[in-house]
Amino acid sequence: MRSYSDLFRTREFIPLFLTSALQTAASTLGGLALGTLVYRTTDSPLLSAVSMFGPQLAQVVGATTLLSAADRLPPRATMTGIACVFAVGTAAMAAPGLPLGAVFALILLLGLVQSVGGGVRWGLLNDILSKDGYLLGRSTFNMMSGLLQIGGYATGGVLVTVLSPRTTLLIASALYLAAAVAAGLGLTGRVPRASGRPSIAQTWRTNALLWSSPPRRTTYLLLWVPNGLVVGCESLYVSYAPDRAGALFACAALGMFVGDVTTGRLLPPALRRRLGIPFLVLLATPYLFFGLRPAVPVAAVCAALASVGFSASLIQQERLMSLTPQELSGHALGLHSAGMLTMQGVSAALAGSLAQLTAPGVAMTLMATASLLATLTLTAGGGVAGRRSSGGAADPADTADAADMADAADAADTADTADTDGTVAGSVAQPVRGPGRGVRQD
C-alpha cells in the first residue's frame, strides 16, 4: 500500500477515519474549554493541567484491568458505545454549578475505558489495512489529528471567548454524538480478534507476554516516556499564556502535522529507520528555552518545531507491530495507548506542580531536560536506535520471540475460557474519557 488513494479505497477506512476525526475535533474543543474553565475558577496551573490531562492517569488502571477487552469485544458496538459515553460525560461537565471535585471525579472515571478504546480503534485499523499499510494509515490519522487541532484550537479559542467554556463543552458533546452515528452506520460488524472473555487475569497475562521481550519493552518505553514528558510542557500553555494558549496549541499541532507528513509519506524507509532517536531529541530541545520566558510568537515557533519530533512515535509503532503477533495487535496497541496517556497525565501533574513552585516557563525547561535524559538513557541501555524498526528482514531473535508469544497467548486464551474470576462485565458500558486534549495520539 503506497498511496493515500489506496488507503481511501480500502473498505471501512473512511468510516473509521470519519469517526476518529469527529472525536478528535470534540476532544480538542472540549479540552481547551475544560482547561480554561478550571483555570478561570481556580487560577491554578496545576489544576488546569490536571483537568486537561488528569484522566490519562486512569489509563494505568484500565491497562491492568480492562485491556484484554480490546481484542475480545466487537469493534463497531464498542466504538459506538464509547462515543456515546464521551457525549454524555462532556455534557455533564458543562452543567452549571457542578462542584470542581465532581468534575475531577467524573473525568477520572471517564478515563478508565479510554484504555480499551485506543486498543479497539488501532487494532481495527491494523485489521483493515495490510501490514505494509499500517504506518501510512496511522500517519494519515495523525495528519488528520494535526489539522483538526490546528483549526480546533483556533476555533476553540474564539468560542471560549465569544460564547463560554460551558457552551463550548456542549458543542464538543454534539460532535461526540456525531462520531457515534458515524461508527454505528459506517463500520461493519466484525467478530472479536480473540476468543474468551475479557478479564483482569487475561489482561495481566497478555501484558506480561508483551513486556517479556527486551526489544518490545524498550520500544514501549521510548513510546511512553520522552514524549509524555514533553506533553507535560504543553499542559502549561494555558498558564504560560492564558489569552493565547489556543495559538500555542495550534502551532504545536501544525508541527506535528508536518512531521507526520514527512515521516509517513516522504522519507524512504532506510532513512526513516535511523531518525527515531533524532526526532525524540528534536521533540524536547526547543522547550529548553522556555525558561527565558520568550514572547508568545517565539514560543509558538518553538512549539511548532518541537512537535515535528512527535513523528518518532510512528517509527516506534511500526517496530512494535513487527514484534507482535496479529491476534494480539489490539492489546499491544492498547497497551501503547494506555501507557502513553498515563505518562501524559503523570507529566501534566508533575509539570503543574513544578509551575506552582517556580513558573510555567521554568517548569517547561525542567520537563524538557528530563525528556532528553530519558531518551539518551533508553538509547544507551536498549539499543533500539540501531536496530530494525520497519522494512527489511526481521531480526531472528525478534521473530522467534513473536512466535513463542503467539503460542503462549493461545495457551492463555484456553486457560481463560474456564476462568471465572475477575471478569470485566459490561466494560463497553463503562464511561470513557470525555473532554480533554487527547492530543498526542501518535
What is the dipole size for the stretch 203-351, taken about its Cα centre, with +1 at each Lys and Arg Cβ and -1 at each Asp and Glu Cβ, in debye to the nearest 20?
360
Could you report the stretch 138-187's accessible area per residue, 1.4 Å probe, as an integer in Å²?
36
At 1.4 Å probe size, with every protein chain present, just tell me what the per residue accessible area of the stretch 234-355 comes to in Å².
30
Could you give me the ³J(HN,Hα) list for the stretch 344-351, computed from phi with Karplus coefficients 6.51, -1.76, 1.60 and θ = phi - 60°, whole Hz, x at Gly and Pro?
5, x, 4, 5, 5, 5, 5, 5
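Given a 1.4 Å probe and every protein chain left where it sits, what share in percent of the accessible area of the stretch 314-353 is carbon and sulfur?
Working: 480 of 650 Å².
Looking at the stretch 314-353 in its full context, I get 74 percent from C and S.
Where does each of 17-30, 209-222 land if you order them by average Cβ count within 10 Å, highest first? Provide the component values of the computation, followed by the final result.
Values: 17-30: 25.1, 209-222: 19.5.
Output ranking for 17-30, 209-222: 17-30, 209-222.
At 1.4 Å probe size, with the rest of the protein present, what percent of the exposed accessible area of the stretch 90-238 is carbon and sulfur atoms?
Working: 3590 of 4850 Å².
Carbon-and-sulfur percentage of accessible area, whole number: 74.
The values are calculated or read from the model by the stated rules, or taken from the named source; none is laboratory data. Owing to the predicted nature of the structure, the values given are computational and were not obtained by experimental measurement. Here the Cβ is made from the backbone with ideal geometry for all residues, glycine too, and neighbour counts use every protein chain on show. Remember, those area values only see protein heavy atoms, side chains included, never the ligands or the DNA or RNA. Shrake-Rupley method; radii C 1.70, N 1.55, O 1.52, S 1.80 Å.
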